[in-house]
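J.: What follows is a single structure, and I will ask about it in a moment.
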Amino acid sequence: MESKLSFNFKTNQEILKLIGFIDAFKGKWQQIEGKESRYLNELRLIATIESIGSSTRIEGSKMSNEEVEDFVDSIKITSFKSRDEQEVYGYYDTLNLILKSHESISLSKNHIHQLHKTLLNKSTKDNRHRGKYKTLSNKVVANYPDGKQKVVFNTTEIHLVLQEMETAIEWTTNAINNEETHPLIAIGTFIYEFLSIHPYQDGNGRLSRLLTTLLLLKSNYDFVQYASVEYEIEKQKKDYYKALMAGQKNRYSKKEKIDKWILFFLNSLKNTIIKLEINYEQIKDKKSYLNIRQSNALKYIVSNEPIKISDLTNALKEYTPYILKKDVRYLVDEGLIKKIGKGKATTYISNQKKSI
């Protein structure tokens, strides 16, 4: 593994600079968590929706973040209308498991199998292979919004999967525990190996991003639960695949280097931090932190008060009644609007006359 991490001086300097930035924020965020806990639930919710939406779209899902949020809020576990909904639920369920229980989930074959089972738990076409290493050859395929697919690279042969996964798990565990390698480098390397091996028949891309979150949390990069690395990967999807291909094209040779991948991985974390800082500052100023849908709802209420929920749902037909009702409750909780009356007679008015 060490030969893949043998980089030139310029690359090492870039890596050190990025690690310094990320580790400095890690310490800063730990202080924020202790003092500003009232903002964390909202940040975590935003990050969760973005992570689910982005990671499933990378693999071909068509659901927007708003559709993901609406679906997650009104989930009926017994019934899914589409493959996209099955995948969104699986990601939602697995991400929640990691956020709640990361301390007790080790980097081991059994725990990775269990996470894979949870990820594909509601995917009916994956019944035969969930939680088991692949039995058929597969390839890394890039899915694009226009429906086109492109083979990015071939993956580990079936008979070598177990051995290569054991090697990757053992190396990563030792590197982190013995502090032989910086944890960010160790995590980035493991994710590269996981994607190159592609150990499962399906779900490898999604699981790799969930494992990224797991390993970052286990290394005390707690800020990752409040911002979406998946969002940054989706934004730079072409660069994501290019960085993987740059190393993988020389797989099993002395020329295999993962410098471009490590730089991509660290830059994605840096961009995630920058976005988290922006979200954090916005959410501290509660009135200014509204998404587009919530802003549209508030503008309508201010301009047409008093209004009933039915007025709002008729005016903003591009959104579902369920999600608009949730937005109204949020606006009430934040003190931006007032609720008057009960039952069918309930109306809403703005709490203060200011430009929105």
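Since every read-out is calculated from the coordinates, none of them should be taken as a lab result. Since we're looking at a predicted model, the values are computed, not measured. Cβ: placed from backbone, ideal geometry, glycine included. Neighbour counts: every protein chain shown.
J.: Taking H as built 1.01 Å from N, whose amide H comes closer than 5 Å to the amide H of residue 337, not counting residues under 5 places away?
T.: Correct list: 332, 351.
J.: Moving on. Per DSSP H run of at least 4 residues, take -39500 (n - 2.57); add these up for the chain, divide by its residues and hand me the 222 nm value, nearest 500 deg cm²/dmol. Before the final figure, lay out each step's value.
T.: Working: 14 runs with 210 residues, N = 356.
Calculated at 222 nm, the ellipticity per residue is -19500 deg cm²/dmol.
J.: What is the gain in length, in nm to one decimal, between residue 345 and residue 292 on full extension, counting 0.36 nm per residue of separation less the C-alpha to C-alpha distance? Present the calculation step by step, with values, prior to reporting the outcome.
T.: Numbers: separation 53, 0.36 × 53 = 19.08 nm, distance 2.76 nm.
Computed gain between residue 345 and residue 292 is 16.3 nm.
J.: For segment 292-350, with only Lys/Arg (+1) and Asp/Glu (-1) charged at the beta-carbon, what is the dipole magnitude about the Cα centre, in debye rounded to 20?
T.: Details: 11 positive and 6 negative charges, 45 e Å.
Computed charge dipole of segment 292-350: roughly 220 debye.
J.: I'm checking a number: the convex hull volume of the Cα atoms of segment 215-281, normalised per residue, in Å³. What is it? Intermediate results must be reported in sequence, preceding the final value.
T.: On the way: hull volume 5.7 nm³, N = 67.
Taking the convex hull of the Cα positions in segment 215-281, it is 85 Å³ per residue.
J.: Once amide H atoms are built 1.01 Å from N in the peptide plane, which residues 5 or more positions from residue 131, or in another chain, come under 5 Å H to H?
T.: For residue 131, whose amide H was placed from the backbone, the distant partners under 5 Å are 117.
J.: Per residue and in Å³, how big is the convex hull formed by the alpha-carbon atoms of segment 10-142?
T.: Details: hull volume 23.5 nm³, N = 133.
Value for segment 10-142: 177 Å³ per residue.
J.: Could you compute the net charge surrounding residue 24? Neighbours are other residues with a C-beta less than 13 Å from the C-beta of residue 24; K and R count +1, D and E count -1. Intermediate values should be presented prior to the final figure.
T.: On the way: positive: 17, 26, 28, 270; negative: 23, 277.
Net charge in that neighbourhood comes out at +2.
J.: Moving to a separate point now. I need the peptides 138-144, 275-281 ranked by packing, meaning the mean over residues of other C-beta atoms within 10 angstrom, with the highest value on top.
T.: Numbers: 138-144: 15.1, 275-281: 16.7.
Packing order, densest peptide first, comes out as 275-281, 138-144.
J.: Enter the Cα centre distance for the pair segment 321-338 and segment 224-271, rounded to the nearest angstrom.
T.: 39 Å
J.: OK, next. For segment 292-350, list log₁₀ I(q)/I(0) at each q in 0.14, 0.19, 0.29 Å⁻¹, using the Debye formula over Cα point scatterers of equal strength and ignoring solvent, two decimals each.
T.: Log10 I(q)/I(0), no solvent term: -0.30, -0.57, -1.46.
J.: Still on this structure: What does the charge dipole of the chain about its Cα centre add up to, to the nearest 20 debye, if the Cβ of each Lys and Arg holds +1 and the Cβ of each Asp and Glu holds -1? Provide the component values of the computation, followed by the final result.
T.: Numbers: 56 positive and 44 negative charges, 177 e Å.
Around 860 debye, computed over the chain.
J.: At 7 Å along the Cα-to-beta-carbon direction for both residue 252 and residue 6, put a label point, then send me their distance in nm to one decimal.
T.: 2.1 nm
J.: May I ask for the angle, rounded to the nearest 10°, between helix 237-248 and the longest principal axis of the chain, with both axes built from Cα atoms and the value confined to 0 to 90°?
T.: Approximately 10 degrees, to the nearest 10.
J.: Helix 40-58 sits at what angle to the longest principal axis of the chain, using alpha carbons and giving 0 to 90 degrees rounded to 10?
T.: 60 degrees
J.: Any idea what the alpha-carbon Rg over 2.2 N^0.38 Å comes to for the chain?
T.: Taking N as the residue count of the chain, the ratio is 1.09.
J.: What's the angle, to the nearest 10 degrees (0 to 90), between helix 204-218's Cα axis and the longest principal axis of the chain?
T.: Once rounded, one gets 80 degrees.
J.: Pop out the ³J(HN,Hα) list for segment 261-277 in order, Karplus 6.51 cos²θ - 1.76 cosθ + 1.60 with θ = phi - 60°, rounded to Hz; leave Gly and Pro as x.
T.: In residue order, the calculated couplings are 5, 4, 5, 4, 4, 5, 5, 5, 5, 4, 5, 4, 5, 4, 5, 4, 4 Hz.
J.: I need to check one value: relative contact order of the chain, counting alpha carbon pairs closer than 8 Å and at least 6 residues apart, in percent.
T.: Working: 419 pairs, mean separation 71.5, N = 356.
Averaging sequence separation for qualifying contacts and normalising by length gives 20 percent for the chain.
J.: Kindly give the semi-axes, whole Å and largest first, of the ellipsoid equivalent to segment 175-320, taking each as the square root of 5 times a Cα gyration tensor eigenvalue.
T.: Values: eigenvalues 348, 64, 34 Å².
Taking √(5λ) for each eigenvalue gives 42, 18, 13 Å, largest first.
J.: Calculate the tail of P(r) for segment 50-206: the fraction of all Cα-Cα distances greater than 28 Å, expressed in %. Before the final figure, lay out the partial values.
T.: Values: 2853 of 12246 pairs.
Percent of Cα pairs beyond 28 Å in segment 50-206: 23.
J.: Distance from a point 7 Å along Cα→Cβ of residue 154 to each backbone N in segment 236-259: keep the residues under 13 Å and list them by number.
T.: In segment 236-259, the label zone of residue 154 (backbone N under 13 Å from the point 7 Å along Cα→Cβ) covers 249-252.
J.: Report Rg (one decimal) and Dmax (nearest whole number) for segment 243-356, counting Cα atoms only, units Å.
T.: That works out to 23.0, 74 Å for Rg and Dmax.
J.: First measure r as the distance between the Cβ atoms of residue 31 and residue 108, then evaluate 1/(1 + (r/R0)^6) with R0 = 41 Å and state the FRET efficiency to the nearest 0.05.
T.: Approximately 0.80, to the nearest 0.05.
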